[in-house]
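Structure, as structure tokens:
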Amino acid sequence: MCIRDSYNILLDSCAKCENYKKMLELFEDMQTSGKNSLLTNEECIEPDNTTYTILIKAMCKTGDINKAVFLYKEMKERGVEITEQIFNLLLDGYIQFNYDFKQAKDIIKDISTLDIKLSYFTYVLLIKLYTKHGQMNKSLAILKEMKVQGIAPGLIPYNTLIQGCIKNKLIESAIELFQEVRGTKLDLDKETYNNLVLSCINSRKLLTGCIILSQAITESITLNTNAYDAILKSLLDNSELTAIQKHEQATTICNYVKLRKIPVNDACYQEVMERLVFVPVPVSEYGPVSYTHLRAHETGRNLVCRLLLEKKKKKKK
């Protein structure tokens, strides 16, 4: 084992014990001991990629991003190999501690200049970083790049992007992403569903909000009470949906609320039940339907009536 490896082991041990002061002292000693020590014939102990990875990881963990960037620049000057892991550590540091975004963009430029094939994790960090700073066009472009590279986006990027679109009032983009997720086996989290439903209501897209809520119900995802309260109130106030649309959406939501015992606003719930669920919808609202449709949706009582009528017809023949 060479002297550098021994130093790297010591540096890593200090980092794991969170003795960062001693770690940096050892790093300084490492760079000078080669000249002064009698234990080695080397002219100088040059830090390698492992050395800098340990140091940058530790500095990012403590939130000292400036020191981490200083070490990164030192790596570049010394011609030490820079791997994807180094970039990931720095990007994650910028995300966690909200450092200067201009400085982060310099790091991103360096990524593009080096011949490094980005992994799923780097793409996720880039999406998170751009989304955090409201650069949604960049975030969405990275999602497209992932797909072009044959990397499945996964749940984290979609949740991040949908939340980012909602925050930046890009509700149409958020809905498009939601539709994209529906075509996969991925399940969005509760918070994303909740924010999507509320954003649809605020953007006067009540029917879309109801459809998204119905999808959450299908996946047995129970949202926050405020989402159900908001959508039930909107169904009462809305004049754009037809009576049948209101009836169907209200019935689905109220049944789920009752089944899951969700503590919604009782007065609003009762009013929805009386005005939208219990009140029969005029036949004219349904429009013409086929015989096949009726057969597919007939109840037990209707089935008996149909069979009796068909029996009568046969007798007449």
Violating pairs (Cα-Cα greater than 18 angstrom) within the set K21/K57; K144/K190; K21/K73; K16/K57: K144/K190; K21/K73
Counting Lys and Arg as +1 and Asp and Glu as -1, what is the net charge of the other residues whose Cβ lies under 12 Å from the Cβ of S139? +4
Go through the stretch 50-61 residue by residue and turn each phi into a ³J(HN,Hα) via Karplus (6.51, -1.76, 1.60, θ = phi - 60°); whole Hz please, and just put x for glycine and proline. 4, 4, 5, 4, 4, 5, 5, 4, 5, 5, 5, 5
What are the ³J(HN,Hα) values, in whole Hz, obtained from phi via the Karplus relation 6.51 cos²θ - 1.76 cosθ + 1.60 with θ = phi - 60°, for each residue of the stretch 95-105 in sequence order, with x given for Gly and Pro? 5, 5, 10, 6, 7, 3, 5, 4, 5, 5, 5
Charge sum, other residues only, whose C-beta stays under 12 Å from N88's C-beta, Lys/Arg counted +1 and Asp/Glu -1: 0
Length released on extending from Y120 to T62, taking residue separation times 0.36 nm less the Cα-Cα span: 18.4 nm
Taking θ as phi - 60°, what are the ³J(HN,Hα) couplings along the stretch 178-195 by the Karplus curve (6.51, -1.76, 1.60), each to the nearest whole Hz, with x for Gly and Pro? 4, 4, 5, 5, 4, x, 10, 8, 7, 10, 5, 7, 4, 4, 5, 4, 4, 5
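We did not get these values from a lab; they are worked out from the coordinates using the rules stated. Predicted, not measured: the structure shown is a model, and the values here were computed from it. Every residue, glycine as well, gets a Cβ built from its backbone with ideal geometry; the counts of neighbours run over all protein chains shown.
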